Ligand SMILES: [Zn+2]
């Protein structure tokens, strides 16, 4: 019976290993019952006005949004293009980048764009985190933006679009409305799919009240500015005006559908 004990331990060890492997292989939503994972769908949050994906309207307005900056190479190029076409956009900035490049954040605001909160470190809320971590991600960014621009932003976009009740609530308590993007306007420019592909995505799908997702920081050589060089004149020719997300939302409030 000398060998019996080790064999029992071995079996238990194996079971534990198997359980750990199963646990780690599950997708985030199933691995956790945390309220940080989306437990309710778009309809629920959209009806309550807790999250904005787009703002359907009769006016020809579109909101261009740029995430993950400011970036010393890409942001100035994009700002120059926006200015050339009298376009106003919304920049969902990272707090740590604003601290690195406060003059770029200041320029965004000075040129009439909206600056918004995209967390401090680009943290994904796709697994359980504490309220403290969420608050810190939001408020550190708040402070960085305030120092750089003198403004308190009102829009929040969780990195990767990962949201849940706790994220929506935490943002709301910090004075924010959560904003995502039109599902038909995810350009995936962060993945550098090719300038033509970005252009085609936006131009084929463009409709009133769209919130288009771009990035003014991309790993590697960005194709975003080159795509904008085609997108901005074409949508202008079609009669679209480019406004900030807050401006877009104001038009929904003042002009109900049918007007
Ligand atoms: Zn991002």
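All of the numbers you see were taken from the coordinates with simple rules; none came from a lab. Remember, it's a predicted structure, so these values are computed and weren't measured experimentally. Cβ atoms come from the backbone with ideal geometry, glycine included; neighbour counts cover every protein chain shown.
Results, tabulated for the structure shown:
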{"quantity": "Residue exposure sequence - 127, 192 - by fewest surrounding Cβ within 10 Å", "calculated": "127, 192"}
{"quantity": "Residues of region 131-170 with amide N under 13 Å of the 7 Å Cα→Cβ point at residue 44", "calculated": "163-169"}
{"quantity": "Spin-label pair residue 121/residue 205, simplified geometry with 7 Å Cα→Cβ offset, distance in nm", "calculated": "3.1"}
{"quantity": "Gap separating the Cα centres of region 65-99 and region 159-212, nearest whole Å", "calculated": "15"}
{"quantity": "Burial ordering of 45, 120, 85, fewest other beta-carbon atoms within 10 Å first", "calculated": "85, 45, 120"}
{"quantity": "Relative contact order (%) - region 42-162, alpha-carbon pairs under 8 angstrom, separation at least six", "calculated": "24"}
{"quantity": "Peptides ranked, highest mean first, by Cβ atoms within 10 Å: ranges 48-57, 153-162", "calculated": "153-162, 48-57"}
{"quantity": "Gyration tensor verdict on region 163-257 (Cα atoms; rounded if a/c is under 1.5, prolate if a/b is larger than b/c, oblate otherwise)", "calculated": "oblate"}
{"quantity": "Burial order of peptide ranges 231-240, 58-67 (average beta-carbon count within 10 Å, highest first)", "calculated": "58-67, 231-240"}
